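To start, the structure itself, in structure tokens.
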Amino acid sequence: MVSFRRLVRSVFLVDLIKGLGLTLWYTPKPAFTFQYPKERRPVAPRFRGVLRLQVDPANGAQTCIVCDQCAKACPDDLISLGGHREPGQKIKVLDYFDFNLSRCSFCGLCSEVCPTKPIKALIMSEDYELGSYSRESQLLRIDEMYDGVPIEPYKR
Ligand code: SF4
Ligand code: SF4
């Protein structure tokens with residue numbers, strides 16, 4: 001049975017008038033359109049894009065200390081990394097860093113536990129163009145993990 005309130009709304013076209021009001025409210029405002037891919041919409045400060053490794057911007061040195069915390073924190077076991085120790089060096093050299101992007105839920109746990117300061121070695125970047133045509137290209141190796149790597153255009 002139709003309630004009295006609903007009946008009154010239907011008779012007086014309340015929902016229709018509300019909808020038209022909203023349209024009128026937004027019509028004089030400039031269009032909120034970006035000419036993607038020429039223009040990219042700025043992302044929110046805490047946006048979680050694809051994982052990236054960061055180097056020290058001052059000298060390009062590795063900031064990852066190969067502690068393995070990110071790999072242990074990942075609930076889906078998507079990160080695998082390893083390194084070796086060089087004589088006289090304080091931190092290990094990062095040999096490989098494999099990341100399976102295809103199954104990442106962008107939870108950010110791996111980046112959150114990364115302990116390096118003041119530069120976090122592992123960040124959730126602003127890159128969001130993640131589509132590709134093969135599963136293999138979703139497995140990112142160390143060279144593709146560094147921040148600022150160019151985004152590959154789609155190729156069929
Ligand atoms: S964002 Fe979450 S799911 Fe993705 S690699 Fe990090 S911990 Fe794993
Ligand atoms: S948590 Fe950070 S420092 Fe540790 S292995 Fe992962 S990226 Fe490197």
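Taking 7 Å steps out from each Cα toward its Cβ at LYS72 and ARG40 produces label points 3.4 nm apart. With a Förster radius of 22 Å applied to the C-beta separation of ALA61 and ASP98, the computed FRET efficiency comes to 0.55.
By the rule of a C-alpha distance below 28 Å, with chain neighbours fewer than 8 residues away ignored, the lysines paired with LYS90 are LYS72, LYS117, LYS120. Entry note, the chain: relative contact order of 25 percent, from Cα contacts under 8 Å with a spacing of 6+ residues.
Adding -39500 (n - 2.57) for every DSSP H run of four residues or longer, then dividing by how many residues the chain holds, sets the calculated 222 nm ellipticity at -5500 deg cm²/dmol. Under 21 Å of direct C-alpha separation, and excluding same-chain neighbours fewer than eight residues apart, LYS29 reaches these lysines: LYS18.
Nonpolar atom fraction for region 51-145, defined as the carbon and sulfur part of the 1.4 Å probe accessible area, stands at 51 percent.
Under the simplified labelling scheme, the PHE106-TYR133 pair shows an inter-label distance of 2.4 nm, with each label point 7 Å from Cα along Cα→Cβ. For the peptides 111-119, 12-20, 71-79, the ranking by mean Cβ contacts within 10 Å, running from highest to lowest, is 71-79, 111-119, 12-20. Each peptide in 103-109, 61-67, 38-44 receives the mean, over its residues, of other Cβ atoms within 10 Å, and ordering these scores from highest gives 61-67, 103-109, 38-44.
Accessible surface for the chain, divided over its residues, is 76 Å² per residue with a 1.4 Å probe. Scoring 136-147, 22-33 by mean Cβ neighbours within 10 Å over their residues and listing the highest first yields 136-147, 22-33.
The values are calculated or read from the model by the stated rules, or taken from the named source; none is laboratory data. Just so it is clear, the structure is predicted and the values come from calculations on it, not from any experiment. Positions of Cβ are generated from backbone atoms using ideal geometry, with glycine treated the same way; all protein chains shown enter the neighbour counts. Note: accessible area is taken over every heavy atom of the protein model, side chains too, but ligands, DNA and RNA are not part of it. Shrake-Rupley method; radii C 1.70, N 1.55, O 1.52, S 1.80 Å.
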